[in-house]
Amino acid sequence: MKIRYLTGPMALLASVTAHAAVAQDALTVAYFQEWPMPFQYGKVNGVYDEKLGVTVNWVAFDSGTAMSAAMAAGDVQIAVSQGVPPFVVATSAGQDLRVVDIAASYSDNDNCVVASRLEIDKDSASELANARVAVPVGTIAHYGFLQQMAHFGIDPAGMTIVDMAPAEAAAAFEQGSIDMACGWGGALNRMKESGNVLLSGAEKEEIGILTFDLTTTTGDFAAEQPQLLADFVATTAEMNAMWTAGDRRDEMLPVIAQDAGMDPEAAAAVIDGFEFPDTEAQLSQKWLGGGLASYVEGVATMFYDLGNIPSVQDSYAEFVDLAPL
């Protein structure tokens, strides 16, 4: 994990809560290593510094929870590709965070797979009523599983739910001790070698089952530096559009991969599973126009039922800020 340590005056700036004085001189942005995204092309080439008119300091984190803590401390003003669970935990606890952008959507990279031996597909999903299912409990994969079962009218109470990390679930699934397994990334790809998904990513999105990461900031920063925040979101949208167009892929991919700490082939395998909704799509009902708040509320309710958080906010709509887009 690469972390740029700040020294001298910059360290002082980064330690102060996001007041206007901080944003005028510098901006500190959190991101993940080994999570390749188009913004990294602009990061490496100084595009953000040029477009925003300030020095942008990029700091790598290894968890979304750590991103929330850094924003609470004032060390970070913006977090790129923060997961929904840490955002839910933070806002449910009263932290004033704001979603300003959908960083990436990857519905095909998080799913549930049914063993081929059962010969069950979406038209016969009801036959899973008594299945033995491996699910990483308390994750977005778990929430997606519950949503899919609700869609098919299956009561999870009748299933045997085994709490397993995706890698462990993939091994058990291959051995035949599990009827259905849920997960993401490489583990999901291994599951697919022994089974089939009930719904594709596109089919899940059609019925409101989403898998995505967020770009978040603090309520204070959004209020005090709206133009700087809007410029950041606009620059990110520009990088996403450049990547999505495809004609500069050969130029962008090596830069993105190197910044992510990956070889180009590995980076391509990850980023090709992402979609980057444009501004119009993000402002629609599906995303920031209403669907996001409803989705976050559903995740929060699941976490509350599991005992992972002590309370749920009356509404999560107040944590969505459309102004930057």
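The amide H of R132, built 1.01 Å from its N in the peptide plane, has T160, D179, M180 as neighbours under 5 Å, considering only residues 5 or more places off or on other chains.
Taking all protein chains into account, the per residue accessible area for the chain stands at 42 Å² (1.4 Å probe). With a Förster radius of 35 Å applied to the beta-carbon distance between A69 and S126, the computed FRET efficiency rounds to 0.20. Length gained on full extension, D25 to E206, computed as 0.36 nm times the residue gap minus the Cα-Cα distance: 60.8 nm. Distance between the pseudo-spin-label points of A157 and N45 (7 Å out from Cα toward the beta carbon): 5.7 nm. Between T244 and L283, the FRET efficiency estimated from the beta carbon spacing at R0 = 22 angstrom works out to 0.80.
Computed in the context of the full set of protein chains, the accessible area of the chain at 1.4 Å probe radius has 50% of its extent on carbon or sulfur.
Here region 258-292 is scanned for amide nitrogen atoms under 19 Å from the site 7 Å beyond the Cα of A150 along Cα-to-Cβ, giving 285-292. Other residues within the sphere of radius under 12 Å centred on the Cβ of D272, judged by their own Cβ, net out at -2 (K and R +1, D and E -1). Here the sum of -39500 (n - 2.57) over DSSP H runs of 4 or more residues, divided by the residues of the chain, equals -12500 deg cm²/dmol at 222 nm, to the nearest 500.
Counting every Cα pair in the chain, what percent are over 28 Å apart? Counting pairs separated by more than 28 Å, the tail of P(r) holds 42 percent. Ranked by the mean number of other Cβ atoms within 10 Å of their residues, highest first, the peptides 276-283, 177-184 fall in the order 177-184, 276-283.
Using the empirical formula 2.2 N^0.38 Å as the baseline, the Cα radius of gyration of region 110-207 reaches a ratio of 0.93.
As a rough guide to protection, the peptides 296-303, 97-104, 215-222 ranked by mean Cβ packing within 10 Å, highest first, stand as 97-104, 215-222, 296-303.
Please figure out what share of the DSSP beta bridges in the chain is antiparallel and state it in percent, rounded to the nearest 5. For the chain, the DSSP antiparallel bridge percentage is about 55. Within the shell of other residues whose beta carbon sits under 11 angstrom from the beta carbon of V99, the net charge comes to -3, with Lys and Arg scored +1 and Asp and Glu -1.
Using Cβ point charges alone (K and R +1, D and E -1), the dipole size of region 110-207 about the Cα centre works out to roughly 180 debye.
The values are calculated or read from the model by the stated rules, or taken from the named source; none is laboratory data. Quick caveat, the model's predicted, so the values are computed rather than measured. Note: ideal-geometry Cβ built from the backbone for every residue, glycine included; neighbour counts use all protein chains shown. Heads up: the accessible areas ignore ligands, DNA and RNA and are worked out on the full protein's heavy atoms, side chains in. Shrake-Rupley method; radii C 1.70, N 1.55, O 1.52, S 1.80 Å.
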